[in-house]
Amino acid sequence: MSADNSCPDVSVPLRNLLNSVQCIRDRVKDGESNESSGGFNLQNFWDTLSQAVKATSQEATKLSLCFSKPPLPSPQDCERLAESIQKCVLALSTVYYWLPKSQGMTLRRVVRDATAELLDGLVQLIDIILSSPLQSLSQDQLTSTGGVWLFCDRFALLPRDNQAAVLDILVSCTAVVKDAIEEMEQAQAESQDPFSDVLEEEDLVSRGNQDTYWSESDRQLMGPCQGLMKASAACLKKLSAAVKANGKVDTAEKIAQLDDLADITKEISPSVDDLALSLYPPMDHSAVELNACRLASVLKKVLEICRASHVCVEAELSWVQFLDGAVDHNLQKAKTLAQACN
């Protein structure tokens, strides 16, 4: 700590504030909502949360300005400022707790993460002020203050109900899966056996699985595995469209169904990544078969939950049934080829 900001009369309220904000942040990360027995108004929640976020941003700016240049604020002013910030932070966390689980666990996690992120930024700002020289506004303090503003601005971009929150997750997962597919296709296009232009086909097969390229049997096994990956992307795309068109948040049952869809679809992208990684040379065919089975199991579960939910109206059944068959077909083909290689 610098000599300038080590004055006990000034640092004590700031340290107390730091500890208080840290405790509130930790409770937000771990705490439960105050379940509403009725009368919860989602629009009123967002309006009140927006006001609490705006007040927190203003107090953070005031704090940063007070310690941006000499002289230090008086002990009394510092105490009042710390109390004002603590009041805003408590108000912010209280509004977050208003949001009941019945409005959707997916939505609640989004709001929780945004609130905790803002409080993390405020903790960082207070810590930097306590430990930085006072002579000038440090780059760290400037960056930290801007970070708090950024976290506050993100609240305006949050999904406003559970349907929108679930749709955000589906769109994000779709992008990750598409990236994995494109990377695999690019790797295939760039990789080949350096001896493929001078050896006969039967010699290439006999060379087996090398460390730096795919053998012919590897490439055959990749076909149905990539089919499973593409089925994953198609499933996410179709499910996103179904949630956007048919998703409802007018009953607790429908909100819970959307949460179930979000929870299971979050398992798709890591399963796709695991399968993709196991396809790179040197290929372990047993590992590929295991990862293909895992991805297929996740996809079957997604389709099952989708079929049983309100988003799967009659018009959606055709693609659900088609993808269900495509998953079975590609999995069986992958298992047959993997076992033939072992």
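Listing for the model above:
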item: Loop trypsin sites (Lys or Arg not before Pro), region 219-319, which have at most 16 other Cβ atoms in a 10 Å radius of their Cβ (DSSP); result: LYS248, LYS266
item: Base-10 log of normalised Debye intensity for region 65-138 (one unit scatterer per alpha-carbon) at q = 0.27 Å⁻¹; result: -1.25
item: Max mean-square fluctuation residue, GNM over the chain, Cα-Cα springs under 10 Å, options ASN19, ASN291, ASN41; result: ASN41
item: The chain - accessible surface per residue (Å², probe 1.4 Å); result: 49 Å²
item: Reach of LYS62 by Cα under 18 Å, taken over aspartates and glutamates that are not fewer than 8 positions away in the same chain; result: ASP77, GLU79, GLU83, ASP120, ASP127, ASP140, ASP153
item: Among LEU63, LEU157, LEU14: highest mean-square fluctuation, GNM of the chain, C-alpha pairs under 10 Å; result: LEU157
item: Candidate aspartates and glutamates for bridging to LYS69, where Cα separation is under 14 Å - those fewer than 8 sequence places away on the same chain excluded; result: ASP4
item: Approximate shape of region 223-342 as ellipsoid semi-axes (Cα gyration tensor, √5λ), whole Å, largest first; result: 30, 14, 10
item: Protein-only accessible surface order, largest first, of ARG112, ARG80, ARG25, ARG15 at 1.4 Å; result: ARG80, ARG15, ARG112, ARG25
item: Taking region 25-100 and dividing mean pair separation by its residue count, relative contact order in percent (alpha carbons under 8 Å, at least six apart); result: 59 percent
item: Long pairs among LYS254/LYS300; LYS29/LYS301; LYS178/LYS254, criterion Cα-Cα beyond 23 Å; result: LYS29/LYS301; LYS178/LYS254
item: Highest-MSF residue in the chain out of THR61, THR106, THR265 [GNM, Cα springs under 10 Å]; result: THR61
item: Whole-percent carbon and sulfur share, accessible surface of the chain, 1.4 Å; result: 52 percent
item: Heavy atoms of CYS23 accessible to a 1.4 Å probe, total area in Å² rounded to 10; result: 70 Å²
item: Alpha-carbon Rg/Rh ratio, for region 51-195, with Rh computed the Kirkwood way; result: 1.19
item: The chain: relative contact order in percent, alpha carbon pairs under 8 Å with at least 6 residues between; result: 19 percent
item: Region 125-177 - convex hull of alpha carbons, volume per residue in Å³; result: 106 Å³
item: Over the chain: Kirkwood hydrodynamic radius from C-alpha pairwise inverse distances, Å; result: 23.8 Å
item: Region 242-331 - charge dipole about Cα centre, Lys and Arg +1 at Cβ, Asp and Glu -1, debye rounded to 20; result: 160 debye
item: Value of [θ]222 nm, deg cm²/dmol, for the chain, DSSP H segments ≥ 4, -39500 (n - 2.57) each, nearest 500; result: -26000 deg cm²/dmol
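The values are calculated or read from the model by the stated rules, or taken from the named source; none is laboratory data. As the structure is a computational prediction, the values presented were derived from the model and not from experiment. Every residue, glycine as well, gets a Cβ built from its backbone with ideal geometry; the counts of neighbours run over all protein chains shown. Note: areas computed on protein heavy atoms with side chains; ligands, DNA, RNA excluded. Shrake-Rupley method; radii C 1.70, N 1.55, O 1.52, S 1.80 Å.
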